[in-house]
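These notes are about the structure you will find just below.
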């Protein structure tokens, strides 16, 4: 009885245990399936969100760069218009085939009455009235200088849909003068968007903060111009400027994932959407498959449970229970294998003996292993040898070394490698307790491509920065060269016998040119500071002498107002320091110049003292090299500034009010540049001011310690008198070699130097300069940098390679390019000094004293400005003859006629290699402008600007035009100047 009871109890216990175990297994199967499917869905969602966010950021950057490119062009056009409204020609700016290529449909200018004045599409058949356009009315009704971005409109001139980007035009008095319009082509964005495959139901939308769609791409269903203000995008934007959301599309009701970003700096937002069915396509596909597997496994478990019950009932013994348990274990192993085979990651388990115990199908596919090698339990070393033979590790030396050392290395680490087929694998290794390793392989090719695209975007940004630097160099040369001529000729004119009224006119001419030069310098300085390309020098200088020199420059303007100028150097402040005197002089000259400008009576004072407030500052980089900390203040008794306007002072292109701009002029760049320069010198700048009570501009700076030499005599100063040349140099006359490719400029510069008492020998290129220094001794060489055949840099290097004493002759380089790398290139070539045009008489005199030992004040040579008008401007020619004398003018004209005839005759043979032709056109333009041959100057200028892009036939016609202009010019010149 007891035995039967025990057997009955054992059977019931076995049945209960088997039933519970079966339920637990079923629960684990479905719980594991649910967890895996949830993880797969979350992984797909996160991956899609990250991908959409990255795309949104990319499209935001593309939008910002496109709008900034158009806005910069509008600002450039506006600056050109406001400098010369009467001479402004929109067509000349937009005729370049690369002008806003593929960005805009048209660029137009609207007058203050709302009528279109000009467009790059050419003249319209009928007048175009744009008074009703929003982009006109918004600028007409307000004076703020802001870029306006319109809704999509149908252009009345272009006949195409476009988004208008506009800037206000202001007259000389700040009045409304019209609008500059760039019609941005929405297809520019659409083409870029449509290059991205987001699948059915996906797309990209560019929308304004007003809710109106500007551009789109893909299968999004929202047309351009439609308002989506009531949609889910703006509900999300109201919560956060950047983010994402899920919502149903209003058109098709399909669920979509969307990432959006507010376009920085503009009233726009970009949204990238992808259909949810595409995001979850793979997880949904896996759900059906895994559910079927789980159901099958559940059926197996239930079947096992049923079989177990029957087995226990039939056999009623422990042997049957053990057999059923073993069968169940086998099934579980198979189920595990099935799970491994369908995982999204490749798995390889290597035991302590370096045998591969587990290798799933995904790992075989990702590694590209042959089927026979993946069978059974292959050796890990056999797999490595096959991969090496297949060239899997050839492209990555680090991975090749890793494999050579066993291919496992440190566990708990991961690395990436790229297969020969381009697949990028992320490999992770985890140690097992028995000494084995589990390794996973994940395909991260998509992520690697995204990283590569980001790197390419950075490269493009760097290329844009380099292009900007090249543009600045070109603009520096093209703008400084004519200014050099204006300032130089004004100086020569001031040195002639003039009455008081003529002298006042000449002085006004030079002051205006120097003011324009200062504006150019401000813009270039600001660009160099923003690009972090301004390098500070480190030299010993006298603080008091520098401050006194600043006030001496301002003395004429101060004397006219009866102002008192003072320098207050605190007794505790060192007189001699080490730093960049030119930067400090620029800051003080700007601040003190403003003080004189805005002060009608009283005084302007520069105060210098030790800066005790900087003792408590946190140490910054460079403190050890710059231990001297000084405080500077520029105080005046002028008009003062209202407190609400103080924050505007140090902003770029900003002034306190329009009345100040109209009364005193200026670009609003000076104080912004001062702020950046002070920051480069390790300090800060601020201002205290009240209306009617004057202003106090205060800044701090760090300097290096210098040996104090209070008793050292001051160097003689130039008296700064306008237009005067000393009859004789203070030192002995020098033998000067002048290398300049333009014959007219050679004669002009030579004449100026001879008036200073020097002996001048001129050559036309660098090769002749190298020969000249070997045939005669020279005290100084003035070397133009840009010359044909052999340029100034190459000639300097050749001279330095000669034997002494030829190799040691001082060389001064002259150029109109203002970027610092040009000076660095000159010094690297062996030049003793380097001067940027326009160069003043004082600066050239300093250079000659520095490198040649003379104390005279040489004049300046420059390419004259190009004028438009009749064949001959007799006034210009008469002034030229009066400046240099009739005899010298005769020589110059004869040389000009011979040289120009030879250059024009040689041009047809230069059609293939157009570099010499462009240089010859530039030289002819410069010389013709000097002699007042305005028509010929215009033709040469056009040839210089367009020769590189002309067809051979068009170029031949332009050369013929220049020849005819030369014939007309020869006839127009007085006979007395043409006689040999």
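One line per residue, one yes/no per condition, for (1) within 19 Å of the chain's Cα centre (by Cα); (2) free of Cβ contacts under 8 Å to residues at least 24 places away in the same chain; (3) closer than 17 Å to residue 149 by Cβ:
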residue: 45; (1), (2), (3): no, no, no
residue: 67; (1), (2), (3): yes, no, yes
residue: 72; (1), (2), (3): yes, yes, yes
residue: 76; (1), (2), (3): yes, yes, no
residue: 79; (1), (2), (3): no, yes, no
residue: 82; (1), (2), (3): no, no, no
residue: 90; (1), (2), (3): no, no, no
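Applying the selection to segment 175-202, what residues are buried (at least 20 other Cβ atoms within 10 Å of the Cβ) and over 19 Å from residue 73 (Cα atoms)?
193, 198, 201, 202
Quick check on segment 44-69: of everything there that is at pLDDT 85 or above and under 23 Å from residue 342 (Cβ atoms), which residue is surrounded by the most Cβ atoms within 10 Å (Cβ to Cβ)?
Only one residue fits best here, namely 47.
Yes or no: residue 957 in a helix (DSSP H, G or I) and in contact (Cβ under 8 Å) with a residue 60 or more places away in the chain?
Values: in a helix (DSSP H, G or I): yes; in contact (Cβ under 8 Å) with a residue 60 or more places away in the chain: no.
No: the conditions fail for residue 957.
Can you find a residue that is without any contact (Cβ under 8 Å) to a residue 12 or more places away in the chain, surrounded by fewer than 15 Cβ atoms within 10 Å (Cβ to Cβ) and touching a strand residue (DSSP E or B) at 6+ places or on another chain (Cβ under 6 Å) anywhere in segment 243-260? Give the derivation first.
Pass one, segment 243-260, residues without any contact (Cβ under 8 Å) to a residue 12 or more places away in the chain: 248, 253.
Add one more test, that the residue is surrounded by fewer than 15 Cβ atoms within 10 Å (Cβ to Cβ), and what stays is 248, 253.
So of that shortlist, the ones also touching a strand residue (DSSP E or B) at 6+ places or on another chain (Cβ under 6 Å) come out as 248.
The answer is yes; a qualifying residue exists.
Of all residues in segment 369-389 being without any contact (Cβ under 8 Å) to a residue 12 or more places away in the chain and within 50 Å of the chain's Cα centre (by Cα), which is nearest to residue 346 (Cα to Cα)? Walk me through how you get there before you give the answer.
Going through segment 369-389, the residues without any contact (Cβ under 8 Å) to a residue 12 or more places away in the chain turn out to be 371-372, 375-376, 382, 385, 389.
Keeping just the survivors that are within 50 Å of the chain's Cα centre (by Cα) gives 385, 389.
Values: 385: 19, 389: 22 Å.
Only one residue tops the list, namely 385.
Of all residues in segment 930-942, count the ones that are modelled with pLDDT of 85 or more, surrounded by 24 or more Cβ atoms within 10 Å (Cβ to Cβ) and in a helix (DSSP H, G or I).
Qualifying residue count for the region: 4.
Quick check on residue 104: is it at pLDDT 85 or above, surrounded by 18 or more Cβ atoms within 10 Å (Cβ to Cβ) and touching a helix residue (DSSP H, G or I) at 6+ places or on another chain (Cβ under 8 Å)?
It is false that residue 104 is at pLDDT 85 or above, surrounded by 18 or more Cβ atoms within 10 Å (Cβ to Cβ) and touching a helix residue (DSSP H, G or I) at 6+ places or on another chain (Cβ under 8 Å).
Across segment 427-452, what is the number of residues that are part of a strand (DSSP E or B) and either crowded, with 17+ Cβ neighbours inside 10 Å or in contact with a helix residue (DSSP H, G or I) (Cβ under 7 Å, 6 or more places away or on another chain) (or both)? Walk me through it before giving the result.
Keep residues of segment 427-452 that are part of a strand (DSSP E or B), which gives 427-431, 437-443.
Next, only the ones that are either crowded, with 17+ Cβ neighbours inside 10 Å or in contact with a helix residue (DSSP H, G or I) (Cβ under 7 Å, 6 or more places away or on another chain) (or both) stay: 427, 429, 437, 439-443.
The total comes to 8.
I need a count of the residues in segment 649-700 that are at pLDDT below 90, outside any loop (DSSP other than H, G, I, E, B), buried (at least 16 other Cβ atoms within 10 Å of the Cβ) and touching a helix residue (DSSP H, G or I) at 6+ places or on another chain (Cβ under 6 Å).
Residues flagged as at pLDDT below 90, outside any loop (DSSP other than H, G, I, E, B), buried (at least 16 other Cβ atoms within 10 Å of the Cβ) and touching a helix residue (DSSP H, G or I) at 6+ places or on another chain (Cβ under 6 Å) within segment 649-700 amount to 5.
Regarding residue 123, is this residue more than 30 Å from residue 344 (Cα to Cα), exposed (fewer than 15 other Cβ atoms within 10 Å of the Cβ) and under 18 Å from the mean Cα position of the chain (by Cα)? Spell out the reasoning first.
On the way: more than 30 Å from residue 344 (Cα to Cα): yes; exposed (fewer than 15 other Cβ atoms within 10 Å of the Cβ): yes; under 18 Å from the mean Cα position of the chain (by Cα): no.
The answer is no for residue 123.
Modelled with pLDDT under 80, surrounded by 17 or more Cβ atoms within 10 Å (Cβ to Cβ), in the same structural domain as residue 289 (by TED's automatic domain parsing) and under 30 Å from residue 26 (Cα atoms): which single residue out of 326, 335 fits that description?
Unique residue meeting the criteria: 335.
What about residue 260, is it over 13 Å from residue 59 (Cβ atoms), modelled with pLDDT of 85 or more, in contact with a helix residue (DSSP H, G or I) (Cβ under 9 Å, 6 or more places away or on another chain) and assigned by TED's automatic domain parsing to the domain that holds residue 57? Don't jump to the end; show me each part of the working.
On the way: over 13 Å from residue 59 (Cβ atoms): no; modelled with pLDDT of 85 or more: yes; in contact with a helix residue (DSSP H, G or I) (Cβ under 9 Å, 6 or more places away or on another chain): yes; assigned by TED's automatic domain parsing to the domain that holds residue 57: yes.
Taking the combined requirement at face value, the residue does not satisfy it.
Quick one: would you say residue 93 is part of a loop (DSSP other than H, G, I, E, B) and farther than 22 Å from residue 208 by Cβ?
On the way: part of a loop (DSSP other than H, G, I, E, B): no; farther than 22 Å from residue 208 by Cβ: yes.
So residue 93 does not fit the description; no.
Would you check if residue 287 is more than 17 Å from residue 53 (Cβ to Cβ) and in contact (Cβ under 8 Å) with a residue 60 or more places away in the chain?
Values: more than 17 Å from residue 53 (Cβ to Cβ): yes; in contact (Cβ under 8 Å) with a residue 60 or more places away in the chain: yes.
Here the answer is yes, as residue 287 does meet what is asked.
Within the bounds of segment 796-816, is there any residue that is modelled with pLDDT of 70 or more, buried (at least 24 other Cβ atoms within 10 Å of the Cβ) and out of contact with any helix residue (DSSP H, G or I) (no Cβ under 7 Å at 6 or more places or on another chain)?
Yes - at least one qualifying residue is present in segment 796-816.
State which residue is modelled with the lowest pLDDT when the search covers only segment 597-624 and only residues that are surrounded by 14 or more Cβ atoms within 10 Å (Cβ to Cβ) and part of a loop (DSSP other than H, G, I, E, B).
As a first pass, look at segment 597-624 and keep what is surrounded by 14 or more Cβ atoms within 10 Å (Cβ to Cβ): 597-599, 602-611, 614, 617, 623.
From what is left, the residues that are part of a loop (DSSP other than H, G, I, E, B) are 598-599, 602, 611, 617, 623.
Values: 598: 88, 599: 91, 602: 92, 611: 86, 617: 49, 623: 53.
The extreme case among them is 617.
So, of the residues in segment 575-595 that are surrounded by fewer than 20 Cβ atoms within 10 Å (Cβ to Cβ) and over 32 Å from the mean Cα position of the chain (by Cα), which turns out to be farthest from residue 545 (Cα to Cα)?
Looking at residues that are surrounded by fewer than 20 Cβ atoms within 10 Å (Cβ to Cβ) and over 32 Å from the mean Cα position of the chain (by Cα), I get 578.
Being assigned by TED's automatic domain parsing to the domain that holds residue 230 and free of Cβ contacts under 8 Å to residues at least 60 places away in the same chain is the requirement here; does residue 203 meet it?
Numbers: assigned by TED's automatic domain parsing to the domain that holds residue 230: yes; free of Cβ contacts under 8 Å to residues at least 60 places away in the same chain: no.
Answer is no for this residue.
Evaluate segment 892-906: report whether one residue or more is at pLDDT 85 or above and more than 21 Å from residue 740 (Cβ to Cβ).
yes
Would you call residue 627 modelled with pLDDT of 50 or more and farther than 30 Å from residue 572 by Cα?
On the way: modelled with pLDDT of 50 or more: yes; farther than 30 Å from residue 572 by Cα: no.
Against the criterion (modelled with pLDDT of 50 or more and farther than 30 Å from residue 572 by Cα), residue 627 does not qualify.
Conditions tested, residue by residue: (1) touching a helix residue (DSSP H, G or I) at 6+ places or on another chain (Cβ under 7 Å); (2) touching a residue at least 24 places away in the same chain (Cβ under 8 Å).
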| residue | (1), (2) |
| --- | --- |
| 914 | yes, yes |
| 919 | no, yes |
| 926 | yes, yes |
| 932 | yes, yes |
| 936 | yes, yes |
| 941 | yes, yes |
| 945 | no, no |
| 950 | yes, no |
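The values are calculated or read from the model by the stated rules, or taken from the named source; none is laboratory data. This is a predicted model, so every value here is computed, not measured. Backbone-built Cβ (ideal geometry, glycine too); neighbour counts: all protein chains shown.
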